[in-house]
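Below is one structure, written out as structure tokens; comments come after it.
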Amino acid sequence: MESRADFIHKMSMALKEAREARYWLALTERAKILPAEAIGGLLQEAGELVAILSQSVITAKAKTSDTSNLKPNTLNPKVF
């Protein structure tokens, strides 16, 4: 099973790659290497992926800090 830290690391790496792809797509568009129509959809999709991955990392990190202070109830093991 994957730990939360592993998940955050993998999502962070995916975010980094998505940002880099978005950068190169934007550069390709600005340099007029390909027509804007050919890149527009890809650039939008890359932006959407960056937004999704960013929020996933933020949420996972927040949940990690929220649960780091929680300890199992040792006094009454029937309490969930």
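The values are calculated or read from the model by the stated rules, or taken from the named source; none is laboratory data. If you're wondering where the values come from, they're calculated on a predicted model, not measured in any experiment. Cβ coordinates were reconstructed from backbone atoms using ideal geometry, including for glycine residues, and neighbour counts include every protein chain displayed. Note: accessible area is taken over every heavy atom of the protein model, side chains too, but ligands, DNA and RNA are not part of it. Shrake-Rupley method; radii C 1.70, N 1.55, O 1.52, S 1.80 Å.
Listed values, structure above:
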| quantity | calculated |
| --- | --- |
| Single residue of region 1-47 satisfying the filter (among the polar types (S, T, N, Q) and within 28 Å of ASP66 (Cα to Cα)) that is surrounded by the most Cβ atoms within 10 Å (Cβ to Cβ) | SER12 |
| In region 48-59, the residues that are open to solvent by 50 Å² or more (accessible area, probe 1.4 Å) and among the aliphatic types (A, V, I, L, M) | LEU49, ALA51, ILE52, ILE58 |
| Subset of region 19-61 [in contact (Cβ under 8 Å) with a residue 40 or more places away in the chain and not hydrophobic (A, V, I, L, M, F, W, C)] | SER56, LYS61 |
